[in-house]
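One structure below.
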Amino acid sequence: MKKTTEYWQAHCLNINKEMADHVQRYITPISLEIDSDGGNLIGTGNYIRLGNAVYILTNEHVARAMSAGSLAHLPVPQENFHRMVNPFMALEYPNDIALSRLDRLGHDVFSRAVIQKDQIAHEWVSARESLYFVMGFPGSKSYMSVMANTLFTPAVPFLTQEAPLLPSDISLGEFALHYPEYERLKKTNGREESLPNPSGMSGSLVWHIGNSLSRYWSPADARVVGLLYGWDPKHEIIRGIKIESIRHSCIYLLRQECAYFRWLDGGRRSCSLLFDWLYAEGSIADI
């Protein structure tokens with residue numbers, strides 16, 4: 001039994017490392033500008049392609065901070081944050097989702113990979129032995145460096161399993177994952193470290209690992225199945241919205257955007273709003 005446990009722990013450590021290397025290409029810290037010399041981390045974002053454009057996907061409650069000042073993302077690791085120019089399209093809880101379109105992504109200013117359509121699952125995958133991977137930017141790990149004049153935001157990768165929820169929560173299309181904040185977990189370098197306070201990981205995507213015991217498994221087999229939005233320290237869980245709700249919300253927001261652009265192209269004729277929406281519905285059927 002001890003040998004089996006040790007093998008499973010080593011297996012999970014390896015998956016965690018491989019998934020961290022895979023997912024870090026798609027994620028970005030989102031910061032709120034405090035003044036010209038610094039900012040604070042407020043959440044996690046994801047670069048995702050929807051239709052013919054690239055967006056930052058996060059929570060509505062993260063995007064809401066734009067009302068207090070400028071938000072920024074980090075398109076090139078280890079360099080400077082870039083101000084987010086376009087506003088967010090957003091839906092409040094129980095959807096808690098926001099999208100901001102990125103324009104003119106030249107190779108000189110954008111080195112991130114982008115999540116593609118085939119990496120997004122159609123439905124939440126729930127199974128007793130399923131593994132889920134999360135990677136985000138906890139605020140407790142971030143700090144402003146006076147010497148470097150930049151905000152450092154270390155990411156935390158985490159492999160976990162599904163936790164039970166009340167029936168009332170399940171009906172909202174939510175899920176929960178185990179998050180034992182004070183439990184000592186072994187890292188890939190052999191050291192042990194407690195999981196940090198997850199505040200700041202709002203907006204992190206949840207990836208379903210699939211059959212990792214197959215010798216043919218790779219991180220490319222993982223699929224996005226949800227979006228984190230909150231933390232319940234009393235029950236040691238992090239909570240999220242299932243991908244079914246996320247897909248539905250994205251389609252609705254993209255249709256709004258499409259109708260708006262068509263309205264602008266038509267000379268802002270108010271009488272055409274219904275036709276603009278019908279056009280958007282016909283143009284955007286899925287993501």
Looking at region 209-232 only, could you name the residues that are touching a Lys or Arg at 6+ places or on another chain (Cβ under 9 Å) and assigned to a strand (DSSP E or B)? V225, G226, L227, L228, Y229, G230, W231, D232
Region 6-24 residues that are assigned by TED's automatic domain parsing to the domain that holds A113, paired with ones that are β-branched (V, I, T) and outside any helix (DSSP H, G or I) (beta carbon under 8 Å, 6 or more apart): L13/T188; N14/T188; I15/I209; N16/T188; K17/T188; M19/I209
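Rundown of residues vs (1) surrounded by fewer than 21 Cβ atoms within 10 Å (Cβ to Cβ); (2) not assigned by TED's automatic domain parsing to the domain that holds Q116, yes/no style:
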{"residue": "A222", "(1), (2)": "no, no"}
{"residue": "H235", "(1), (2)": "yes, no"}
{"residue": "C250", "(1), (2)": "no, yes"}
{"residue": "Y260", "(1), (2)": "yes, yes"}
Applying the selection to region 44-59, what residues are without any contact (Cβ under 8 Å) to a residue 60 or more places away in the chain and surrounded by 21 or more Cβ atoms within 10 Å (Cβ to Cβ)? Y55, I56
So in region 65-79, with the set limited to residues that are of a type outside the set (A, V, I, L, M) and exposed (fewer than 12 other Cβ atoms within 10 Å of the Cβ), which one is farthest from D21 (Cα to Cα)? S67
Going through L165, L177 one at a time, which residue ends up being modelled with pLDDT under 90, surrounded by 16 or more Cβ atoms within 10 Å (Cβ to Cβ) and not charged (D, E, K, R)? L165
Against the condition hydrophobic (A, V, I, L, M, F, W, C), free of Cβ contacts under 8 Å to residues at least 60 places away in the same chain and in the same structural domain as V23 (by TED's automatic domain parsing), how does W217 come out, does it pass? yes
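Kindly indicate whether F152 is aromatic (F, W, Y) and at pLDDT 85 or above.
Criteria not met by F152.
Collect the residues in region 191-208 that are under 13 Å from the mean Cα position of the chain (by Cα) and part of a loop (DSSP other than H, G, I, E, B), keeping them in residue-number order.
Within region 191-208, G200, M201, S202, G203, S204 meet the criteria.
Does L32 satisfy the condition of being modelled with pLDDT under 95 and surrounded by 22 or more Cβ atoms within 10 Å (Cβ to Cβ)?
When the stated conditions are applied, L32 does not pass them.
The values are calculated or read from the model by the stated rules, or taken from the named source; none is laboratory data. Model, not experiment: these values are computed from the prediction. Because the Cβ atoms are built from the backbone with ideal geometry, glycine has one as well, and the counts that use them run over all protein chains shown.
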